[in-house]
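The values are calculated or read from the model by the stated rules, or taken from the named source; none is laboratory data. Note that the structure is predicted; figures quoted are calculated from it, not measured. Note that each Cβ is placed from the backbone with ideal geometry, even for glycine, and that neighbours are counted across all protein chains shown. To get the accessible areas, we keep the full protein, side chains included, count just its heavy atoms, and leave off ligands, DNA and RNA. Shrake-Rupley method; radii C 1.70, N 1.55, O 1.52, S 1.80 Å.
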Amino acid sequence: MDIIKVIETLKHKGYTVSYFENKEDAAVYLNNIIDNKSVGFGDSATLLGMKLFERLSSHNEIFDPQHCPIGMNFIDTAKKSLTTKVFLTSVNALSETGEIVNIDGTGNRVAGALFGHEKVYFVTGSNKIVPTLEDAIWRARNIVAPQNAMRLQLRTPCAKKGERCYDCSSPDRICNGMMIHFKKMNDIDMEIVLINERLGF
Ligand code: SF4
């Protein structure tokens, strides 16, 4: 995989791309440029691993459904995260041809990356990069979703081992909608923070 070529492809699709060798440098970068803003989070093992909630919450107003403010539940917090100036999320997969794929169960994560914010950041490790859009869809469905179900201890067949999708009918199913970003959305500044490390699933 030629990372320079991937970055150029993403730039041609309208994204700003920032590249870091490790997650610490990327976290410092984000903590410096996101200041005194309202910030929404999409659920992400990558963001959790970078401790971005802990870093940003001291100087921004944060709405992260994984860290609900006192008196607010998941849905309350997720709704607030859709009306912030900045939205942070990750990707399930990124193709070398420049498409971003995300699957969601509740919808707040994919909705937040589509409309309403001044700036959206997709923060991702290079392990999410696969050759084609078809590979990206397969990765999202068969690697990321089962691993996330296991992380969240859901009552789905994939959560036992996190090894594959069973296309379940569980009430806990997290694969209800899939978003493919072919290019940057209109009228939103969108930045991909690409990190040359294995992050998330
Ligand atoms: S459809 Fe069901 S079994 Fe498949 S990954 Fe999603 S939650 Fe797991």
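Structure summary
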item: Per residue value of the accessible surface for the chain (all protein chains in place, 1.4 Å probe), Å²; result: 48
item: Gain on full stretching of the segment that runs from residue 37 to residue 152 - 0.36 nm per residue minus C-alpha separation; result: 38.5 nm
item: FRET E, pair residue 51, residue 169, Förster distance 45 Å, beta-carbon r, rounded to 0.05; result: 0.80
item: Sequence of 37, 11 when ordered by accessible area, the most exposed leading, probe 1.4 angstrom; result: 11, 37
item: Separation in nanometres of the label points that stand 7 Å from Cα toward Cβ, at residue 19 and residue 4; result: 0.8
item: Percent antiparallel among DSSP beta bridges (both partners in the stretch 1-142, rounded to 5); result: 20
item: Gain on full stretching of the segment that runs from residue 76 to residue 160 - 0.36 nm per residue minus C-alpha separation; result: 27.3 nm
item: Shape of the stretch 3-195, Cα gyration tensor, a/c cut at 1.5; result: oblate
item: Per-residue SASA entry for residue 166, accessible area with 1.4 Å probe, Å² rounded to 10; result: 90
item: Computed helical MRE - 222 nm, the chain, DSSP H runs ≥ 4 contributing -39500 (n - 2.57), nearest 500; result: -7500 deg cm²/dmol
item: Kyte-Doolittle mean at least 1.6 and Cα axial length at least 18 Å: DSSP H helices in the chain; result: none
item: Packing rank of 59-68, 84-93, 178-187, 123-132, where each peptide gets the mean count of other beta carbons within 10 Å, highest leading; result: 84-93, 123-132, 59-68, 178-187
item: Placed amide H near residue 90: partners under 5 Å, 5+ positions off or other chain; result: 123
item: Estimated vicinal HN-Hα couplings, Hz - the stretch 122-134 in sequence order (Karplus 6.51, -1.76, 1.60; Gly, Pro = x); result: 9, 9, 8, x, 6, 5, 7, 7, 10, x, 10, 4, 4
item: Kirkwood-Stokes translational diffusion coefficient of the stretch 22-65, alpha-carbon pairs, 37 °C, 0.692 mPa s, µm²/s; result: 314
item: Among 83, 33, 98 - extreme Cα towards positive end, dipole of the stretch 1-98, charges at beta-carbon; result: 83
item: Accessible carbon and sulfur surface of the stretch 3-195 relative to its total accessible area, %, 1.4 Å; result: 53
item: For residue 17, distant residues with modelled amide H under 5 Å away; result: 192
